[in-house]
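The block underneath contains the structure these notes are about, expressed in structure tokens.
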Amino acid sequence: MKEISIEELKEKAIQLRKTALTMIYGAQSGHPGGSLSAADIMAALYFKEMNVDPHNPNWEDRDRFVLSKGHVCPIQYSALALRGFVPYETIYTLREYGSPFQGHPDMKKCKGIDISTGSLGQGLSCGVGMAIAGKRDFKDYRVFSLVGDGECQEGQIWEAAQTAVKYQLDNLVVFVDNNRLQIDGFCDEIMPLQDLEKKFDAFGFETKRINGHSMEEIVETLDEVRVAKNGRPKCIICDTVKGKGVSFMEDVADWHGVAPNEEQYHQAMEEVAGGLR
């Protein structure tokens, strides 16, 4: 865990948003909405909470991160570039042939990716496997996984959750990016938030709901779960806004997987630079 102030973390979140937007604009392809909604979570994890080493990305005792909602990889790539896992100029190669930054995370191509993801629902199972391995190898590392609220409609998420509880994986922390929107409409029409909370609770997770854009709440919650070694996996449900930080993207499902044009890009960069409102 690194010593860094809340204000510095907020600035890192701005940098993550700007970098992700630049990647998507340059490629004219990618998923800005979910990348922006997850930016504050990623800033807290990569710049404060997770014990990782950019110079030794395969270090056995590192904390692991699984981006189960793999399509928002631009925000993870931004974190990897800003932390120094890869040269920053790599951001201009998103989705190009031979780039480490493929359309979904690829552990064979990009340093710092712990598992290849993209098929929704499968990533959390991989995270559970990593957490089991940590327990059996008597390692102190933790496993963090980011899933989408729409992704929680996949049955495999709940099979993984059952397994996490069975093996008492208190080294597993699941973040739910609850931005309520998917490409075909509102997630909460299918699985209301209260049902999502109740399910994780009922399965035996230690569950907390927070404002996913409040760096103060994110950091405070991470401080709490870090010391809660009570045999229960953790679930942090983060209320977020799809496209957060860009006025014309916020809460608009159409920005799930559309790149901005030049005018939109410059407006977005200016708004993001001003910080969250």
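FYI, it's all coordinate maths here, none of it is from the lab. Just so you know, these numbers come straight off a predicted model, no measurement behind them. We place every Cβ from the backbone using ideal geometry, glycine too, and count neighbours over all the protein chains shown.
Each residue of the stretch 195-205 was assigned a 3J(HN,Hα) from its phi angle through the Karplus expression (A = 6.51, B = -1.76, C = 1.60, θ = phi - 60°), giving 5, 4, 4, 4, 5, 4, 4, 5, 6, x, 6 Hz with x at Gly and Pro. Just to verify a number: FRET efficiency for residue 133 and residue 254, C-beta to C-beta distance, R0 = 30 Å, to 0.05? Given R0 = 30 Å and the Cβ-Cβ separation, E is 0.15.
Roughly how many debye, to the nearest 20, is the charge dipole of the stretch 6-273 about its Cα centre, given +1 on each Lys and Arg Cβ, -1 on each Asp and Glu Cβ, and no other charges?
Roughly 940 debye for the stretch 6-273.
The slack in the chain from residue 211 to residue 104, taken as 0.36 nm per residue of separation less the alpha-carbon distance, amounts to 35.9 nm.
Extension gain, residue 198-residue 158: 0.36 nm per intervening residue step, less the Cα-Cα distance, totals 13.2 nm. Rounded to the nearest 20, the size of the Cβ-charge dipole of the stretch 92-208 about its Cα centre is 560 debye, with Lys and Arg at +1 and Asp and Glu at -1. Scaled to the globular estimate 2.2 N^0.38 Å, the Cα spread of the chain, given as radius of gyration, is 0.92.
Within straight-line reach of residue 198, meaning a Cα separation under 20 Å, sit the following aspartates and glutamates at least 8 residues removed in sequence or on another chain: 149, 151, 154, 159, 170, 177, 188, 189, 206, 239. Straight-line reach from residue 109: taking Cα to Cα under 19 Å and skipping same-chain neighbours fewer than 8 places apart, the lysines in range are 69.
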